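Remarks on the structure that follows.
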Amino acid sequence: MFIYKLEIHGMGCGMCEAHINNEIRKNFDVKKVKSRRRKNETIIVSKNELDEKRIKEVIDETGYELKGIERKEK
């Protein structure tokens, strides 16, 4: 299991969180994704390792700013 913590700036409301979550689900096979605008973060749980370059591309396409990615293996 892989856990990714993304630092994303620009989320201002619940719709922003939903937009990011939907784009992640659409582009990756994930078990869980949750965004928190107040913490500027999105947490992704996946059975498989994800392509971090592709994560950046997907977030960039949404118009939000990806500041960093942390990955942990569980």
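Read-outs: derived from the displayed coordinates by stated rules, not from any lab. These numbers were taken from a predicted model, which means no experiment stands behind them. All Cβ positions, even for glycine, are placed from backbone atoms using ideal geometry, and neighbour counts span all protein chains on display.
Take the conditions within 13 Å of Ile3 (Cβ to Cβ) and crowded, with 17+ Cβ neighbours inside 10 Å and apply them to Glu41. Does it pass?
Numbers: within 13 Å of Ile3 (Cβ to Cβ): yes; crowded, with 17+ Cβ neighbours inside 10 Å: yes.
So Glu41 passes the test.
From the list Lys34, Lys67, Lys53, Lys72, pick out the single residue that is surrounded by fewer than 11 Cβ atoms within 10 Å (Cβ to Cβ), at negative phi and assigned to a strand (DSSP E or B).
The match here is Lys72.
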Do any residues in region 16-38 that are polar (S, T, N, Q) have Cβ atoms under 6 Å from those of residues that are assigned to a strand (DSSP E or B), where the two are at least six apart or on different chains, and which pairs are they?
Asn21/Val33; Asn21/Ser35; Ser35/Thr42
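Looking at the structure I just gave you, is Ile44 touching a strand residue (DSSP E or B) at 6+ places or on another chain (Cβ under 6 Å), in a strand (DSSP E or B) and not basic (Lys, Arg)? Talk me through it step by step, then tell me what you get.
On the way: touching a strand residue (DSSP E or B) at 6+ places or on another chain (Cβ under 6 Å): yes; in a strand (DSSP E or B): yes; not basic (Lys, Arg): yes.
Yes: the conditions hold for Ile44.
For region 19-31, give me each residue that is surrounded by 12 or more Cβ atoms within 10 Å (Cβ to Cβ) and either of a type in the set (Lys, Arg) or closer than 15 Å to Gly63 by Cα (or both).
Start the filter on region 19-31 by keeping residues that are surrounded by 12 or more Cβ atoms within 10 Å (Cβ to Cβ), which leaves 19-25, 27-28, 30-31.
If the condition is that a residue be surrounded by 12 or more Cβ atoms within 10 Å (Cβ to Cβ) and either of a type in the set (Lys, Arg) or closer than 15 Å to Gly63 by Cα (or both), then His19, Ile20, Asn21, Asn22, Glu23, Ile24, Arg25, Lys31 are the ones that fit.
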